[in-house]
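Q: My structure is below; once you've seen it, I'll send some questions.
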Amino acid sequence: MGTILAAIGIGVLVLLAGNLPFNVLRAWNLQAGTAVPWAIAPAALYLWAYWRFIGGRWGAAASAASRRQNLRANNLSARVWGASLAAGLIGFGALIALLVLAARLVRLPASSPIVTPPDMPAVTALSLLVMASIVAGITEEAAFRGYMQSPIERRYGLGVAVLVSGTLFGLLHFPTHPADVLWMLPYYIAVSAVYGGLTWAANSILPALVLHATGDVVVLTRWWLTGRPEWQIGPALPPLVAESGTDRQFVATAIVAVVLVVATALAYRAVRRLRFKEIAPTAKFVQPNRAVEPTA
């Protein structure tokens, strides 16, 4: 239990240390100098220093190896990169199918639209939105799939690590929709399963980081333009099964969701096998037929 509590505490600190400075700068940019996205430059400089510290390149030498291991930003070959991104996209497809399915079972919450100052140019607003996506991708993957998932996974396995990190990932979205955060927990745990499973498969947070940041650009831009959050995929108010009964569309969506979930699991296992195959010549064996995968 101590491992889980320590991972949660350190993970939350890593998250706050990464995204709070940009949130402050962005809020200031929305009030002063709104014509240009001046907050991006200092935020990018800070993010670079932050990444070097949590990755063990800066700071105390005694803790450098531990920070590098927990961040888990291991380099990957081109083949593993390609396989990981393809597997993650299948995972995204599974998430979309599950969201469409969930919208037929329960009323998913609405959310406040993304509002920018009326005198702020669209290109400035879009630039800040893209930077917010990059910051979220880096800091959330470093915190949840790096510092939080890694030690729990090493001690208790992937399932417990995803459940813990996914629950915290959901609870920390409380400011977005406080009245519905518990209803939305299964969604955030599913998101963590996609990113966390990919991190486990590749033994690196980097593919999940790229997909997270890119996905946030897409969903936040859509949210800004349409006022609809990421979990509202189909019609705004689709008929609930409890009201309309089970129809062909619901059954078809359920089948597609199951197929994509299974395909995601198989794709992740393929990525993991590819990763092990590449490191096999240099892996150290501590038990017969069981290799320990390097952390870098």
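Q: Restricting attention to the stretch 147-194, report how many residues are of a type in the set (Ser, Thr, Tyr) and without any contact (Cβ under 8 Å) to a residue 60 or more places away in the chain.
A: So the count comes out to 3.
Q: Run down Ala7, Ala64, Ala43 and say which single residue is farther than 17 Å from Met148 by Cβ, in contact with a helix residue (DSSP H, G or I) (Cβ under 6 Å, 6 or more places away or on another chain) and open to solvent by less than 30 Å² (accessible area, probe 1.4 Å).
A: Working: Ala7 fails: farther than 17 Å from Met148 by Cβ; Ala64 fails: in contact with a helix residue (DSSP H, G or I) (Cβ under 6 Å, 6 or more places away or on another chain).
Within the list Ala7, Ala64, Ala43, the selection yields Ala43.
Q: Also, quick follow-up: Going through the stretch 253-287 one residue at a time, which ones are modelled with pLDDT of 95 or more and of a type in the set (Gly, Ala, Ser)?
A: Passing the criteria: Ala254, Ala257, Ala263, Ala265, Ala267, Ala270.
Q: Something else: Please determine whether any residue of the stretch 132-145 is open to solvent by less than 30 Å² (accessible area, probe 1.4 Å), of a type in the set (S, T, N, Q) and out of contact with any Pro (no Cβ under 8 Å at 6 or more places or on another chain).
A: Within the stretch 132-145, one or more residues are open to solvent by less than 30 Å² (accessible area, probe 1.4 Å), of a type in the set (S, T, N, Q) and out of contact with any Pro (no Cβ under 8 Å at 6 or more places or on another chain).
Q: Taking the stretch 225-249 only, how many residues are in a helix (DSSP H, G or I) and open to solvent by 60 Å² or more (accessible area, probe 1.4 Å)?
A: 7
Q: Do we have any residue at all in the stretch 196-204 that's open to solvent by 30 Å² or more (accessible area, probe 1.4 Å) and not hydroxyl-bearing (Ser, Thr, Tyr)?
A: Yes, there is a match, as at least one residue in the stretch 196-204 is open to solvent by 30 Å² or more (accessible area, probe 1.4 Å) and not hydroxyl-bearing (Ser, Thr, Tyr).
Q: Could you grab me the full set of residues in the stretch 18-32 that are open to solvent by less than 40 Å² (accessible area, probe 1.4 Å) and aliphatic (A, V, I, L, M)? Outline the logic, then answer.
A: Step one: list which residues in the stretch 18-32 are open to solvent by less than 40 Å² (accessible area, probe 1.4 Å), which gives 18-19, 22, 25, 29, 32.
Selection gives Leu25, Ala32.
Q: For Val36, state whether it is more than 21 Å from Val191 (Cβ to Cβ), open to solvent by 70 Å² or more (accessible area, probe 1.4 Å) and in a loop (DSSP other than H, G, I, E, B).
A: Judged against the criteria, Val36 is a match.
Q: Somewhere in the stretch 72-84, is a residue under 24 Å from Leu185 (Cα atoms) and in a helix (DSSP H, G or I)?
A: No, the stretch 72-84 contains no residue that is under 24 Å from Leu185 (Cα atoms) and in a helix (DSSP H, G or I).
The values are calculated or read from the model by the stated rules, or taken from the named source; none is laboratory data. Here the structure is a predicted model, which means the values were calculated and not measured. Every residue, glycine as well, gets a Cβ built from its backbone with ideal geometry; the counts of neighbours run over all protein chains shown. Side chains included, ligands, DNA and RNA excluded: accessible areas come from the protein's heavy atoms. Shrake-Rupley method; radii C 1.70, N 1.55, O 1.52, S 1.80 Å.
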